[in-house]
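Below you'll find the structure, written out as structure tokens, and then a few comments.
The values are calculated or read from the model by the stated rules, or taken from the named source; none is laboratory data. Quantities reported herein were computed from a predicted structural model and do not represent experimental measurements. Every residue, glycine among them, receives a Cβ derived from its backbone with ideal geometry; neighbour counts consider all protein chains shown. Only protein heavy atoms, including side chains, enter the accessible area calculation; ligands, DNA and RNA are left aside. Shrake-Rupley method; radii C 1.70, N 1.55, O 1.52, S 1.80 Å.
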Amino acid sequence: MAKTLPKTNIVLVGVGWVGGIIAAELTKKGYKVVGLERGKEKTSEDYFMGHDELRYALRYEMMQDLSKETVTFRHDKSKQALPYRRWGSFLLGEGVGGAGLHWNGQLFRFLEYDFQIYTKTVERYGKNKIPKGMMLQDWGITYEELAPYFDKFDLMSGVSGEQNPIPGYPEIKYPTPPMIETPGIKLFKEASKKLGLHPYQMPSCNLSENYTNPDGISRSACQYCGYCERFGCEYGAKADPAVTVVPVAKNTGNFEIKTHSVVRKVLHTNGKATGVLFVDIRSGEEYIQPADVVVVSAFALNNVKILLNSQLGRPYDPTTGKGVVGKNYAYQASLGGSTGFFDDKEFNTYGGAGALGATFDDYNGDFFDHSNLDFLHGGMISSTQTGNRPIANNNVPSGTPNWGKEFKDKSIYYANRVLRVGSQGASLPHQDNFLDLDPTYKDTFGDPLLRMTFNWKDQDRNLMKFLGQKTGEVMKEMGATEVSIGGQEIGDYDIRNYQSTHNTGGAIMGAVPETSVLNNYLQMWDCENVFVPGASAFAHNSGYNPTATVGALAYRAADGIEKYLQKGGSLV
């Protein structure tokens, strides 16, 4: 029998960026918030001298334990899904801060085009430009409506950046200057400009200088140690929830975090949630946490699993395209990069930071004409210096043997003579890419695992081939002796190889309940006191990292939760 705890105003299912932002905003206004987090709590001190590549980057110290909970995967619905037992194409974080602890810190805002992608595509190209089975839809919100919330995230995190120079991009004033320009980044920018492109230093949550945010949180400048992605930051220079929003919420005295607490279900009756059922994994005991508002604020995939296991919302049917929970799952088309080998230049690429780099958007969104192209949207093209840690980085030209004297000689020769120009393409939704509950496999508590059905489509393959060719052009202009161009022959989606942790969709926002789970405050249409912020709300994935948009939507959701607590009912 589950023990019932005292009621609170708001219960959070997960304390990452989303949970931390909502906790900070609402506890400052006097509301009582309980945060349930499946992992443990850490501070910057836990990462002092933590530059252990084997422990964190290769053995995934900070990630969810797949022996207890994972997802199952298949390429299409005719196949049997099998459990994902070893980390590969994406990484789910665990602990207070979530994936916000081990991210790189790149903070791009989604484009105006993204939020009205269906309308703007049809206006420019007509309905026939959208392929059969591609489920494009507007988000039910515009960039202009979301811009003040993007600004709040920038100020909270202290983003270091410079204005995107491409014509038509909105003006943004970043709170701190851009990060340094290394020789490799300078070479990329010079080559891009020669090709008529518009490069700029990417917006970074690795601070370029010491910074104090509007909440009084002070953080130190980045030391360019190169240990960002898959690592916690020992300096506090990388903005993460544990050094920004979580301390603000704690300092109010209105925030309680319960760690080692895995939420199984949202409890609800007659269209309203009453609380959540969770398990303390240290004792195995079950608890009910009653609340006026339930915020499902876990990782995107876990959000969808919780909704489905709670029987909240209408499950998506890929055969008919009807239903909404599990619909519009998307990933990231990021295989179109190029690697350049230089015989006449050397670079120190072992120092760096997660968001140290330059990018351009000339082939992103709808900044370029798609009339004669066989894909929609696009992606950013970048050259980053994230820090080539020694175990995982050993680039040699194609055709080099995988072992032996020639391999060793070229490994040594090219250790400081390799640069990469990468791309990150949009992932657009298709009717047969979706999430549902697996009928066979269960987690450690006996609940069905989330099942992912996903494969690359012609849209993805054509986009990655195009971006690969463009990255190759830039790399050749940079003067590389030999260039290896990616994205030219893409087969099935390979879950074994890491690409990004940018999983989106499954509990999407929109203008009407027939085609979405949430309204534009991320309030459920079918259960008015449940809010589901996070990348699961995205109707598609853009050619950018999702974090800035996740954060902006979380700030808007916080406003919506306060309005709901004051007035009740649907907010739109």
Legend entry - Matching label, mean projected area of the Cα convex hull in nm² computed from the structure shown, candidates [x] 24.7; [y] 29.5; [z] 33.5: [x]
Legend entry - Listed residues 17, 525 arranged by accessible area, highest first, probe 1.4 Å: 525, 17
Inset, instruction - Find the eigenvalues of the gyration tensor of the Cα atoms of the stretch 467-572, then list the square roots of 5 times those eigenvalues as equivalent ellipsoid semi-axes, largest first, in whole angstrom. - result: 41, 15, 10
Inset, instruction - Give me the percent of the accessible area of the chain that comes from carbon and sulfur atoms, probe 1.4 Å, all protein chains in place. - result: 48 percent
Legend entry - Local net charge near residue 286, Cβ-Cβ under 10 Å (Lys/Arg +1, Asp/Glu -1): 0
Inset, instruction - Determine the gain in length on full extension of the stretch residue 82-residue 173; use 0.36 nm per residue of separation and subtract their C-alpha separation, reporting nm with one decimal. - result: 28.1 nm
Legend entry - Per-q log10 I(q)/I(0), the stretch 194-317, q = 0.09, 0.20, 0.21 Å⁻¹ (Debye; single scatterer per alpha-carbon; no solvent): -0.45, -1.14, -1.18
Inset, instruction - Could you work out the local net charge near residue 120, counting Lys and Arg as +1, Asp and Glu as -1, over the other residues with Cβ closer than 15 Å to its Cβ? - result: -4
Legend entry - residue 370 versus residue 65: modelled label distance in nm, points set 7 Å from Cα along the beta carbon direction: 4.4 nm
Legend entry - Shape parameters for the stretch 315-462, alpha-carbon atoms, Rg then Dmax in Å: 20.9, 59
Inset, instruction - Please report the relative contact order for the stretch 422-566, taking Cα pairs under 8 Å with a sequence separation of at least 6, and give it as a percent rounded to a whole number. - result: 21 percent
Inset, instruction - In Å and from the alpha-carbon atoms only, list the Rg and Dmax of the stretch 118-163. - result: 16.0, 43
Inset, instruction - Show that you can apply the helix-only estimate: for the chain, add -39,500 (n - 2.57) for every DSSP H stretch of four or more residues, divide by all residues, and state [θ] at 222 nm to the nearest 500. - result: -6500 deg cm²/dmol
Legend entry - Rg to Rh quotient for the stretch 1-136, alpha carbon positions, Kirkwood Rh: 1.07
Legend entry - Relative contact order %, the stretch 494-556, counting alpha carbon pairs below 8 Å whose residues are six or more apart: 31 percent
Inset, instruction - Return, for the Cα atoms of the stretch 98-250, the radius of gyration and Dmax in Å, separated by a comma. - result: 18.3, 52
Legend entry - Of 127/193; 28/305; 7/265; 129/470; 32/68; 3/327, pairs whose Cα-Cα distance is over 25 Å: 127/193; 28/305; 32/68; 3/327
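Using the beta-carbon distance between residue 218 and residue 514 and R0 = 45 Å, what value does 1/(1 + (r/R0)^6) give for FRET efficiency, to the nearest 0.05? Please list the in-between numbers first.
Values: r = 48 Å, r/R0 = 1.06.
That gives a FRET efficiency of 0.40.
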Legend entry - Percentage relative contact order, the chain, counting C-alpha pairs under 8 Å, at least six apart: 23 percent
Legend entry - the stretch 22-62: mean projected area of Cα convex hull, nm²: 4.2 nm²
